[in-house]
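Below is one structure, written out as structure tokens; the observations come after it.
The values are calculated or read from the model by the stated rules, or taken from the named source; none is laboratory data. Since we're looking at a predicted model, the values are computed, not measured. Cβ placement follows ideal geometry from the backbone for every residue including glycine, while neighbour counts extend to all protein chains displayed. Just so you know, the surface numbers come from the protein's heavy atoms only, side chains and all, with ligands and any DNA or RNA stripped out. Shrake-Rupley method; radii C 1.70, N 1.55, O 1.52, S 1.80 Å.
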Amino acid sequence: MNKKLPTIFLGCAMLGGLALLIQTPEVREHRVLAPVPYTSPEIIRDKPVQPVESFQPKKKEVLFTPAEILIINAWLKKHGYMLSVSANGKVSLSGNHGYLHYDHHTLLSLAKSGDTIAASTLGARAISSEHLLDNRSAQENSDLQHALLDATARGLTSSIDQLIILKTQDYIQSYDRKLKTFDSNHIIDAYAYLNILKLRRSIDTELREYSLQMARKLSASEYALARQRTAEIYAFLLQRRAELGMGPFENTDSAETQALLQRFFRALEQGEIA
């Protein structure tokens, strides 16, 4: 027997072991590690499980008492707002649901006959985003504004808001690209209606005034023209009320009523009631 064979076998075995030790990282990555036996923690039996408390939602704070709701609803009706507050404090739109399906000519005809709800529905449709870019003719604009003025004479206050927005829209759309100017008469009229809104409603007019100032602030001479226009419009409204057999406007509310209404409009604006 060749005496060198054991030595050769021993050398091969050593080389094989060395090859295993110097495997590349790529090869070593594919090794499967033996799983570590999982030992579950001992269950603690000496502490009883505490029951989960049932969730009790907080009761919504009552913002207005029944007596205050009566005052608010009476004021809203007196000023021609198609809103009412229910006993649970929710605000709902009322009065014009059946009018929403009428076309423009039907609403205008009803408004000319003295229907203030039809006039208010016309105004709301005209200032909506859906009809914002409508190109109304001069006659259509005149008819719409006369309908809202007549509704204002009959006691509506929301119609004044609509007139302010309409005149602001007219001002923006009056831009002349060649001359790069606007027709200032429209914005002056808008401020004139704002003065009437302040006189008639006397509360919650800050946002409307702010939006007007964002559109354009008037110069001192323009403010004077706006005040003059306010006097003319108000005189027209009083004359129209006299023709209808109605007395002067009731523009004053008690300090308590004004404070209540401020709370109401603030809650409406902040989404506390809806």
* To do: Scan the stretch 192-206 for residues that are free of Cβ contacts under 8 Å to residues at least 40 places away in the same chain and open to solvent by 10 Å² or more (accessible area, probe 1.4 Å) and jot them down.
  => 195, 198, 205, 206
* Residue pairs meeting the criteria (Cβ under 7 Å; at least 6 apart or on separate chains; first part of a helix (DSSP H, G or I), in the stretch 135-148; second polar (S, T, N, Q) and surrounded by 14 or more Cβ atoms within 10 Å (Cβ to Cβ)) -> 148/159; 148/162
* Asked: Within the bounds of the stretch 63-84, is there any residue that is modelled with pLDDT of 55 or more, out of contact with any His (no Cβ under 9 Å at 6 or more places or on another chain), over 28 Å from residue 252 (Cβ atoms) and surrounded by fewer than 12 Cβ atoms within 10 Å (Cβ to Cβ)?
  -> no
* Residue by residue through the stretch 234-262, note down the ones that are open to solvent by 90 Å² or more (accessible area, probe 1.4 Å) and within 20 Å of residue 202 (Cβ to Cβ). => 248, 250, 252, 256
* Are any of the residues in the stretch 151-165 part of a helix (DSSP H, G or I), open to solvent by 40 Å² or more (accessible area, probe 1.4 Å) and without any contact (Cβ under 8 Å) to a residue 40 or more places away in the chain? -> yes
* To do: Give the stretch 89-100 a look and list any residue that's assigned to a loop (DSSP other than H, G, I, E, B) and at pLDDT below 80, or say none.
  => 89, 94, 95, 96
* Please name all residue pairs, on different chains or six or more residues apart, with Cβ atoms under 8 Å, provided the first residue is in the stretch 221-232 and is part of a helix (DSSP H, G or I) and the second residue is polar (S, T, N, Q). => 222/184; 226/195; 227/195; 230/195
* **Residues (out of contact with any Gly (no Cβ under 9 Å at 6 or more places or on another chain), in a helix (DSSP H, G or I) and among the aliphatic types (A, V, I, L, M)) located in the stretch 166-207** => 172, 187, 188, 190, 192, 194, 196, 197, 199, 207
* Structure fact -> Out of (1) at pLDDT 90 or above; (2) under 24 Å from the mean Cα position of the chain (by Cα); (3) exposed (fewer than 13 other Cβ atoms within 10 Å of the Cβ); (4) among the polar types (S, T, N, Q), the one residue 168 does not meet is (3)
* To do: Keeping to the stretch 171-191, report how many residues are among the aliphatic types (A, V, I, L, M) and open to solvent by less than 50 Å² (accessible area, probe 1.4 Å).
  => 3
* **Residue tally, condition of a type in the set (S, T, N, Q) and outside any helix (DSSP H, G or I), over the stretch 111-128** => 2
